[in-house]
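Structure record follows, encoded as structure tokens.
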Amino acid sequence: MVNDNSLAEDETRPSLLKRVGGQLCLDFTNTIDPRHGEHPHEYLKNYADLVVWSRYVDILTENEAQHLLYNAAKHPAIAAIVFQRALTLRETLYQTFSSIIKGKQPTEEQLEILNVTLAEGMARARIFPKGDGFLWTWSETSHALERILWPIARSAAELLISDDVKYIKECPGDDGCGWLFVDTSRNHRRRWCDMEGCGNRAKARRYYERTGKRSSATEER
């Protein structure tokens, strides 16, 4: 994916992913596609992929991304540990929100994994003025390889305590999609993560069941 510490992209780049979750933490859980399919595609294969995705979703600036790639190359063992932490956090967040969708409480272990990362980040969080307003930033962390995880954890915490937590859904796409999203539609009747993908394939399947004629949409992902 990334060669010579650059953000060069290829056909498997994480920036191919659609951002349909409505929240940063849900887009993070959607970096495997389809989640429940027979042959899911993993978009995060190493720390460099994590940096590329973080740049794509604006967690990092270009300069910050380059610094992290440089430091990851200098400290590959630490980068590998952080990358495994990222995957653990991703799967923990999926399990947490999946439980909530089913009307269950997440486990203490799941919340502890989130809380550890959240506390780590919030201890370094700062409010910084920007133009006429303010934004979150991190103190003395431009080279911290784990800094990518902190805004994700904060996003998850904010979603958990918000009213929107009631409207988190999991896409039931025919191919085992499993992507999570916040249903912000007026009547909260949205079913699919994306009408151009899973929605159209579901329509095509129903059309085929009615007519016996295969639609081209059934062949697309």
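Of the residues making up the range 125-144, those that are farther than 16 Å from residue 155 by Cβ and either not assigned by TED's automatic domain parsing to the domain that holds residue 51 or not small (Gly, Ala, Ser) (or both) are 126, 127, 128, 129, 130, 132, 134, 140, 141, 143. One residue stands out in the range 104-151 among those that are surrounded by 11 or more Cβ atoms within 10 Å (Cβ to Cβ) and of a type in the set (Val, Ile, Thr): the one that is farthest from residue 64 (Cα to Cα), namely 107.
Does residue 60 satisfy being buried (at least 17 other Cβ atoms within 10 Å of the Cβ) and either at pLDDT 95 or above or in contact with a strand residue (DSSP E or B) (Cβ under 7 Å, 6 or more places away or on another chain) (or both)? Against the criterion (buried (at least 17 other Cβ atoms within 10 Å of the Cβ) and either at pLDDT 95 or above or in contact with a strand residue (DSSP E or B) (Cβ under 7 Å, 6 or more places away or on another chain) (or both)), residue 60 does not qualify. The set of residues from the range 1-39 being assigned to a helix (DSSP H, G or I) and at pLDDT below 85 comprises 14, 15, 16.
Put simply, of 80, 48, 73 the only residue that is crowded, with 16+ Cβ neighbours inside 10 Å and either part of a helix (DSSP H, G or I) or of a type in the set (Gly, Ala, Ser) (or both) is 48. Highlighted here are the strands (runs of 3 or more DSSP E) found entirely within the range 90-181 that include at least 3 residues which are at pLDDT 90 or above and touching a strand residue (DSSP E or B) at 6+ places or on another chain (Cβ under 7 Å): 168-170.
The values are calculated or read from the model by the stated rules, or taken from the named source; none is laboratory data. Note that this is a predicted model, so its numbers are computed, not measured. Ideal geometry is used to build each Cβ from the backbone, glycine not excepted, and the neighbour counts take in all protein chains shown.
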